[in-house]
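None of the figures in this text is laboratory data; all of them are computed from the coordinates on show. Keep in mind that what you see is a predicted model, and the values were worked out from it rather than measured. Cβ coordinates were reconstructed from backbone atoms using ideal geometry, including for glycine residues, and neighbour counts include every protein chain displayed.
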Amino acid sequence: MPPFGWVDEALARGNTLRRPTCVHRVGSPLRWLATERAAGARILGVELADEAIRLGDLPAARRRTVVVLGHEATGIPPDALDALDAAVEIPMVGHGLSLNVAVAGSLVLYRLAGLL
């Protein structure tokens, strides 16, 4: 499977949005993240990590912010973890270790927008 080929698989299962799916592909995600950082963006990853910021403690974004979401089963690849400025953890109650990636992304973006 090509890198991020799981995106194509997920899109093939269906789009519940009213508009056509929009996916922007980059040749090298790590190089793209480095370019974004060099342009002044903050790079956040949604991941369980010892040094992660709890979602409730995440301040609203005050500058361009890129949010990296990993695979629901395997998380963010180790080489991409090194590209993060910080990790954000979403506390959970119960036995699950992760949320659906769309739900996790929505929560973090809502918080970054200053609405949560």
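Computed from phi, the 3J(HN,Hα) profile of segment 56-65 under the Karplus parametrisation 6.51, -1.76, 1.60 (θ = phi - 60°) reads x, 9, 6, x, 4, 5, 10, 8, 3, 9 Hz, with x in place of Gly and Pro.
Remark on segment 28-112: ratio of C-alpha radius of gyration to 2.2 N^0.38 Å is 1.05. For segment 74-80, 3J(HN,Hα) computed residue by residue from phi via the Karplus equation (6.51, -1.76, 1.60; θ = phi - 60°) reads 10, x, 7, x, x, 5, 7 Hz, glycine and proline entered as x. Taking amide H as placed 1.01 Å from N in the peptide plane, the amide H of I53 sits under 5 Å from that of A87, V88, E89, each at least 5 places away or on another chain.
Between R64 and L115, the contour length at 0.36 nm per residue exceeds the alpha carbon distance by 16.7 nm. Here segment 28-112 is treated with +1 on each Lys and Arg Cβ and -1 on each Asp and Glu Cβ, and its dipole about the Cα centre works out to around 480 debye. Once the chain from N100 to A34 is taken as fully extended at 0.36 nm per residue, the excess over their C-alpha distance is 21.1 nm. With θ taken as phi - 60° and the Karplus curve 6.51 cos²θ - 1.76 cosθ + 1.60 applied, the whole-hertz 3J(HN,Hα) list for segment 100-108 is 3, 4, 5, 5, 4, x, 4, 4, 5 Hz, x standing for glycine and proline.
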